[in-house]
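Here the structure is laid out as structure tokens; the discussion comes afterwards.
The values are calculated or read from the model by the stated rules, or taken from the named source; none is laboratory data. Quantities reported herein were computed from a predicted structural model and do not represent experimental measurements. Every residue, glycine among them, receives a Cβ derived from its backbone with ideal geometry; neighbour counts consider all protein chains shown.
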């Protein structure tokens, strides 16, 4: 759930920063760097930062429309899991495995992270591709008027979004997830303050909204709306062929959704901005008002990312 799309504009004068809420902290990234700040059980803030290579600078084809969205999403997922691994290890930092090995700490290993990715992808395909397809197939059999190309895909899309909303709402009732949502709000507030040239101070950050148009929630909701429209263009009728089409079109839909969110972020009054509106509504659940300590974590993460960005010749400056 915590994996966020981290869109960065690929050229020109404006460059965006992005971020992700993690366990008891925030990860921030700029075009050429990323940094994470997590609060330890002791209250101390642990940080880590690394340089990044911009995909479109390394491979020209990754800067092309739609393709850059697929590349950015894949890169963001990899970076997101690295950030989650770091935050989990910080949380486990003071936990002893046994009394006989007091210096050995619990740690999230690479293979554990790999298994987590496999389970997450499998859950996504089962929950949002296979189950809606099965449910729509059975429902339309009992209601032939909905079995047409448009009707079937509309029903399936509604079921998919309903499952997503139930999942998000259900997990929001968990105490640990609510804290992640608070850090999510801290990340959004800090990005807003940066984009408006405000000083990176707690009071300046806290005055902003927790709802941001480039949020990963907006991306997921946009994916679901776009997928409903795209599937209507492929007149396949058997269960397996429909499932195969949905898997094959995942990269295409992800790329299109990225372009729509990228455009809508710069043109708030456009028609495309309407497609991202449900994602902004969803942020009433997936972002919560952060405490000052949580906002400070987001500020520290952004400051470290910007410091490394400057070292690498970037032009982004914190006001």
- prompt: If we scan segment 163-175, do we find a residue that is within 16 Å of residue 129 (Cβ to Cβ) and under 15 Å from the mean Cα position of the chain (by Cα)?
  reply: yes
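Quick grid of which residues meet (1) under 26 Å from residue 64 (Cβ atoms); (2) loosely packed, with under 15 Cβ neighbours inside 10 Å; (3) out of contact with any helix residue (DSSP H, G or I) (no Cβ under 6 Å at 6 or more places or on another chain); (4) in contact (Cβ under 8 Å) with a residue 24 or more places away in the chain:
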| site | (1), (2), (3), (4) |
| --- | --- |
| 207 | no, yes, yes, no |
| 210 | no, no, no, yes |
| 213 | yes, no, no, yes |
| 220 | yes, no, yes, yes |
| 228 | yes, no, no, yes |
| 232 | yes, no, no, yes |
| 240 | no, yes, yes, no |
| 254 | yes, no, no, yes |
- prompt: Only one residue in 140, 171 is surrounded by 15 or more Cβ atoms within 10 Å (Cβ to Cβ), in a helix (DSSP H, G or I) and free of Cβ contacts under 8 Å to residues at least 24 places away in the same chain, so which one is that?
  reply: 140
query: assigned to a helix (DSSP H, G or I), within 17 Å of the chain's Cα centre (by Cα) and in contact (Cβ under 8 Å) with a residue 24 or more places away in the chain: does that describe residue 157?
result: no
query: Filtering segment 35-63 down to residues that are at pLDDT below 85 and within 21 Å of the chain's Cα centre (by Cα), which residue is nearest to residue 182 (Cα to Cα)?
result: 52
- prompt: Which condition breaks for residue 68 when tested against (1) at pLDDT below 80; (2) outside any helix (DSSP H, G or I); (3) touching a helix residue (DSSP H, G or I) at 6+ places or on another chain (Cβ under 6 Å)?
  reply: (2)
- prompt: Yes or no: residue 148 free of Cβ contacts under 8 Å to residues at least 12 places away in the same chain, closer than 28 Å to residue 260 by Cβ and out of contact with any helix residue (DSSP H, G or I) (no Cβ under 8 Å at 6 or more places or on another chain)?
  reply: yes
